[in-house]
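Asks: Take this structure, written in structure tokens, and hold onto it; I'll ask about it next.
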Amino acid sequence: MPNLNWLAYSLAFLMVAISMYCLAKCIQAVKSRRTMDYVVFIVNTLIGVAMVGILIPRWHLIPKFLWVVIFASALAWFAGSAIRLKVRQRSGTPGANPGSDRFVPNLITDLLVQALKCAAMIYMYALGMPVSGSSTSLDGAAGPPAGLGDPALTLLLICLLVGASVWQLDALSHFSSQPALPGISLEGMGPGPGSSGTTLVRPVERLHLAPRIDVACNITMCLTMGFMLILLV
């Protein structure tokens, strides 16, 4: 395999930039008291940092088991949030549908995409990545060893990540053309302006502070994970 040092460092610095962006968005979301927003941005920041360590193994400073615990917890949170919203949507709970048949399914899919990214990170760590040594990592001449893990599961994850990227690319048209809509009530997801008790009411257009950049970051992360997994097939 040709030397991939240049690609590894390019993707690593891109992940650093995305992590810094997500961290800044997280701070802004915290100030606005948007619980779901800052959880998403915190996890994306951590994914970016972890990806840097996978791309450049000598920059991998946090133990693998700690990353697995973090991403497993995030996976459970995102999956649980998606299931809770789906149940509320089917039960017809007030606030489950903010006046758009498309919005809630999109929010659920957004949560599932985040869960998918966490699952991909756990899978890569389960395969033993990053592997130290210049001959067994992307940061070297030979690249990661092919044939790690179950090829069918690896290909499935790759397809899901590429599919998530395509779906998010299509979602850009939704953000650019979506008119202002009524608020959505997300019970148990933190207080916010106009809320009472544990019910958060947020306008749809405020769920994303810079939707095009957010989508671009998600697409880049998904494609980078897919690329790493392709090298293992």
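Asks: Just need a number here: residues in the range 50-60 that are over 20 Å from residue 221 (Cα atoms) and either modelled with pLDDT of 90 or more or of a type in the set (A, V, I, L, M, F, W, C) (or both).
Replies: Residues in the range 50-60 being over 20 Å from residue 221 (Cα atoms) and either modelled with pLDDT of 90 or more or of a type in the set (A, V, I, L, M, F, W, C) (or both): 0 in total.
Asks: Out of the range 20-48, which residues are modelled with pLDDT of 85 or more and either surrounded by fewer than 19 Cβ atoms within 10 Å (Cβ to Cβ) or part of a loop (DSSP other than H, G, I, E, B) (or both)?
Replies: Scanning the range 20-48 gives 20, 23, 24, 42.
Asks: Condition first: without any contact (Cβ under 8 Å) to a residue 60 or more places away in the chain and assigned to a helix (DSSP H, G or I). Now tell me which residues in the range 56-65 satisfy that.
Replies: Passing the criteria: 59, 65.
Asks: Still on this structure, I have one more. For the range 98-123, give me each residue that is at pLDDT below 90, buried (at least 17 other Cβ atoms within 10 Å of the Cβ) and more than 18 Å from residue 166 (Cα to Cα).
Replies: The answer is 98, 104.
Asks: Which pairs turn up if I take residues in the range 66-86 that are more than 23 Å from residue 126 (Cα to Cα) and in contact (Cβ under 8 Å) with a residue 40 or more places away in the chain and look for partners that are surrounded by 14 or more Cβ atoms within 10 Å (Cβ to Cβ) and small (Gly, Ala, Ser) with beta carbon separation below 8 Å, at least 6 apart in sequence or on another chain?
Replies: Once the first residue is more than 23 Å from residue 126 (Cα to Cα) and in contact (Cβ under 8 Å) with a residue 40 or more places away in the chain and sits in the range 66-86, its partners that are surrounded by 14 or more Cβ atoms within 10 Å (Cβ to Cβ) and small (Gly, Ala, Ser) give 85/96.
The values are calculated or read from the model by the stated rules, or taken from the named source; none is laboratory data. Keep in mind the model is a prediction, meaning the values are calculated, not measured. Neighbour counts are summed over all protein chains in view; Cβ atoms, including those assigned to glycine, are modelled from backbone coordinates with ideal geometry.
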